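The values are calculated or read from the model by the stated rules, or taken from the named source; none is laboratory data. Keep in mind that what you see is a predicted model, and the values were worked out from it rather than measured. Note: ideal-geometry Cβ built from the backbone for every residue, glycine included; neighbour counts use all protein chains shown. Accessible surface areas use protein heavy atoms only, side chains included; no ligands, DNA or RNA. Shrake-Rupley method; radii C 1.70, N 1.55, O 1.52, S 1.80 Å.
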Amino acid sequence: MPTLHNTAPDTLTNNTGGAGVSTPAFSPLYQQIKGLILQSLEAGEWRPGELIPSEMELAARFKVSQGTVRKAIDELAAENLVMRRQGKGTFVATHAAQQVQYRFLKLHPDAGDLQREGRAERHILECRRLRAPAEVARALALRTGDAVMHVRRILSFAGIPTILEDIWLPGHAFKGLTAEQMSSYQGPTYAMFELDYGVRMVRADEKIRAVLPDAEQAQVLNIPSTTPLLSVERTAFTYNDVPMELRRGLYRTDTHHYRNALN
């Protein structure tokens with residue numbers, strides 16, 4: 001860990017400039033501590049769902065005040081990277097946790113709620129390793145021709161095919177992914193990625209548009225070709241904004257709607 005020197009109430013100097021030269025860093029001190037905690041999360045020092053050291057322990061580790069650590073953790077909690085539990089401490093956020101499971105699921109049933117509707121039935125149409133087309137490589141910050149895993153699946157609710165998804169994942173991070181894994185895991189797919197591959201999705205960008213299905217898509221979803229669908233293209237990122245998933249979904253909206261809470 002680099003030697004850190006507090007040169008002002010809210011600034012920090014990182015003594016890694018070489019030849020004994022200190023390089024000043026003028027961002028707030030709590031931001032620097034937040035960055036160091038993020039480095040530990042990215043390195044897997046604390047796994048999803050695990051308790052991280054207390055504010056007192058982190059303050060001693062980084063030689064700063066508890067208030068500085070608390071402010072850093074507050075930001076991490078606001079970004080859904082850690083979760084505070086009253087009387088228990090702070091834990092690395094996990095997609096297996098009830099309050100996190102539905103963060104990336106925006107399709108809601110018109111009647112009832114997500115919990116009452118239950119887990120989607122997953123039917124894997126394809127799961128194979130291939131060379132990344134240029135468009136996929138660009139989205140995942142890979143080179144054209146690099147290995148990727150491609151998964152095509154149908155998600156059904158109450159026996160009705162509702163979502164057709166194509167998912168691309170970097171091959172180096174998801175070696176050995178199988179159709180059986182994708183279909184049999186009982187929790188959220190992102191929780192399986194955490195557990196089996198050590199990859200945690202922390203945020204996503206989405207593009208949404210209305211489209212009509214082509215003949216193959218209409219057949220797979222068992223709908224007329226004149227049925228309007230919601231096309232959702234998502235790029236999901238792990239720590240430090242490294243893209244780890246490109247997902248393109250076609251959503252039926254005759255029994256469901258896309259819901260996004262803005263704050």
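Think of a 1.4 Å ball rolled over the protein heavy atoms: the range 124-239 then has 47 Å² of accessible area per residue. Whole-Hz Karplus values for the range 240-253 come out as 6, 6, 8, x, 10, 7, 10, 10, 10, x, 10, 10, 6, 10 Hz, taken residue by residue from phi with 6.51 cos²θ - 1.76 cosθ + 1.60 and θ = phi - 60°; glycine and proline positions read x.
Applying 0.36 nm per residue to the separation of A78 and E57 and subtracting their alpha-carbon distance, the gain on full extension is 5.4 nm. Over all other residues within a Cβ to Cβ distance under 14 Å of Y185, the charged ones net out to -1, with Lys and Arg as +1 and Asp and Glu as -1.
Return the aspartates and glutamates within reach of K88: Cα separation strictly under 14 angstrom, same-chain partners fewer than 8 residues apart disregarded; answer none if there are no such residues. Straight-distance partners of K88: E50, E55.
Over the range 121-176, the pair-distance histogram of Cα-Cα distances with 10 Å bins from zero comes to 25, 43, 24, 8, 0 percent, rounded to whole numbers. Neighbours of D74, meaning other residues whose beta-carbon lies under 11 angstrom from its beta-carbon, give a summed charge of +1 when Lys and Arg score +1 and Asp and Glu score -1.
Counting only lysines at least 8 places from K63 when in the same chain, those with an alpha carbon closer than 20 Å to its own are K34, K71.
Taking amide H as placed 1.01 Å from N in the peptide plane, M244 has its amide H under 5 Å from the amide H of A236, F237, T238, each at least 5 places away in sequence or on another chain.
Would you please report the Å³ per residue occupied by the convex hull of the alpha carbon atoms in the range 186-243?
114
Pulled fully out, how much extra length does the chain show between I160 and D205, if you take 0.36 nm times their separation in residues and subtract their Cα-Cα distance?
So the extension gain works out to 13.5 nm.
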